[in-house]
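First comes the structure, then the notes that go with it.
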Amino acid sequence: MEYSENFVNRLLQSKRLVILTGAGTSAESGIATFRDPEGLWSKFDPLELASIDGFLANPKLVWEWYQYRVNIINNAKPNGGHLAITELQKIKDNLVIVTQNVDRLHQKAGSKNVIELHGDIITNRCFDCEKQYLGKTLLPNNELPKCNFCNGKIRPNVVWFGEQLPQKAISDSENHAKKSDVFLIAGTSSEVYPAAGLSYLAKQYGSFVIEINPNETNFSSSADYIIREKSSHAFQNILNILKD
Ligand code: NAD
Ligand code: ZN
């Protein structure tokens, strides 16, 4: 698509660029989104698999589900979108990435300044005493991994439905959103709060808010500019604009 002159100028002049990413930016790495027709929540029940109550009711089921996703994520490679964002960061060196993804693909692509709003799927912690662990798995014969200190249940370090986001991650993100001059949101349905609120906050504070998404979202009608493309394509085009 032909990008507008206003969009290109905003991008070139931007001194405080923030990119907010969602599951769609990892779709081209083969990691399923949640809310698309083919997304995970069309096949699985979120409250059973991604809530405290679900975990306490059936921790083995929840562990099997996370292990299934960890396997996919460990084998996934950053796509052209992640890699272009890493290159963008070399041009706009204070570029901040705020992600709702738990897959660490921005970091795998070499990006810095990544704020994880929903935790990550790679590390774990004790449900009871919060002790941090790395790479725990279900034990042979499907026994649950237990905490070495308190014998509590180990859980994934992700934010589940009904849980608070990490306080520093959300307050840092809000500050970056307020200070941004261009706020780019990519691959998110803008349905999950408080993450979705960041785009409105950025707009309220005068930022130019751009949506990258092949499909319409809840935020579309509030966007200052919309790129209806897949994120790999859009970010590579943006990189080319900034390189010229
Ligand atoms: P979502 O599933 O609600 O929405 C995905 C959005 O991505 C949709 O609007 C869709 O149109 C768009 N999309 C699909 N393919 C795209 C592409 N190639 N390029 C650009 N956009 C594309 O995802 P969400 O808004 O991130 O919310 C889901 C929640 O689930 C998040 O909180 C996240 O923590 C979690 N999640 C994470 C992962 C991951 O880590 N990769 C995957 C699934 C879900
Ligand atoms: Zn413990």
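Some notes on this structure:
- Set side by side, the residues 92, 153, 146 differ, and just one is on the phi < 0 side of the Ramachandran plot and away from ligand 2 (no atom under 16 Å from the Cβ), which is 92.
- In the stretch 131-171, the residue that is nearest to ligand 1 (Cβ to nearest atom) out of those that are modelled with pLDDT under 95 and part of a helix (DSSP H, G or I) is 142.
- Restricting the stretch 56-78 to residues that are modelled with pLDDT of 95 or more and touching a helix residue (DSSP H, G or I) at 6+ places or on another chain (Cβ under 7 Å) leaves a set whose member that is farthest from residue 214 (Cα to Cα) is 76.
- Residue pairs whose Cβ atoms lie under 8 Å apart, sitting 6 or more positions apart in sequence or on different chains, and linking a residue in the stretch 172-195 that is on the phi > 0 side of the Ramachandran plot to a partner that is surrounded by fewer than 18 Cβ atoms within 10 Å (Cβ to Cβ), are 190/218.
- The stretch 50-76: number of residues that are under 15 Å from residue 101 (Cα atoms) and part of a helix (DSSP H, G or I): 6
- Evaluating residue 47 against the criteria (1) modelled with pLDDT of 95 or more; (2) out of contact with any Pro (no Cβ under 9 Å at 6 or more places or on another chain); (3) part of a helix (DSSP H, G or I) leaves one unmet condition, (1).
- Selection within the stretch 202-238 - in contact (Cβ under 8 Å) with a residue 60 or more places away in the chain, more than 24 Å from residue 105 (Cα to Cα) and either within 9 Å of ligand 1 (Cβ to nearest atom) or assigned to a helix (DSSP H, G or I) (or both): 202
- When the stretch 102-129 is filtered for residues that are in a helix (DSSP H, G or I) and either of a type in the set (Asp, Glu) or more than 12 Å from the chain's Cα centre (by Cα) (or both), only 108 remains.
- Selection over the stretch 26-61 of residues that are within 16 Å of ligand 2 (Cβ to nearest atom) and either buried (at least 16 other Cβ atoms within 10 Å of the Cβ) or of a type in the set (Asp, Glu) (or both) gives a count of 2.
- Within the stretch 3-44, considering residues that are of a type in the set (Ser, Thr, Tyr) and assigned to a helix (DSSP H, G or I), the one farthest from ligand 1 (Cβ to nearest atom): 42
- Filter result for the condition that a residue is more than 17 Å from the chain's Cα centre (by Cα), buried (at least 16 other Cβ atoms within 10 Å of the Cβ) and under 29 Å from residue 80 (Cβ atoms), over 211, 229, 216: 229
The values are calculated or read from the model by the stated rules, or taken from the named source; none is laboratory data. Model, not experiment: these values are computed from the prediction. FYI the Cβ positions are ideal-geometry reconstructions off the backbone, even for glycines, and counts take in every protein chain you see.
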